[in-house]
Structure formats: C-alpha cells, structure tokens
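Student: Sharing a structure here in structure tokens format.
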C-alpha cells in the first residue's frame, strides 16, 4: 500500500504552497466533484447526462487524498 501512496505523490508533485484556507476550499471543491461523479454514475435524477463513470469516482477520491495530505504554507 505504501508503494501505491508513494507513486501517487511522485506523479502529483505539485508544491503549490497553498495556505490553510486555500487547502480547505480546494478539498471542499474536490469533494463536490466526487459527489457529482457519484450522482452521475448512479443516474440520479438530473445528473446522468454527465455520463461520469467509476473511473471518474476513483480519480476524485485520489484527488481528495492528494489535497488532504499536502503540506500547506
């Protein structure tokens, strides 16, 4: 598992230097994108048109992981 986590960080080296407020808002944004992906994937009323799939859900989960574990300035 640690190898996977290390690989994710190697591929996503984005030291943007966000402050705590910016990191919190970015994480919130990613959670919203996950919600959209899940709603679309499950064909919730009014959300299926986006045609997002399981890969989109996985991508958003990884984004949340990355944002929530980044160091902030």
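None of the figures in this text is laboratory data; all of them are computed from the coordinates on show. This one's a predicted model, so the numbers in the text were calculated from it and none came from an experiment. Glycine gets a Cβ as well: all are built from the backbone with ideal geometry, and neighbour counts include every protein chain shown.
Student: Would you mind putting 56-62, 41-47 in packing order, based on average other-beta-carbon counts within 10 Å, highest first?
Tutor: Listed from highest to lowest mean packing, they are 56-62, 41-47.
Student: Continuing with the same structure: Residue 42 versus residue 65, label points 7 Å from Cα toward the beta carbon: distance in nm?
Tutor: 2.2
Student: Provide the FRET efficiency to the nearest 0.05 for the residue 49-residue 29 pair, computing r from the beta carbons and using R0 = 25 Å.
Tutor: Calculated transfer efficiency: 0.75.
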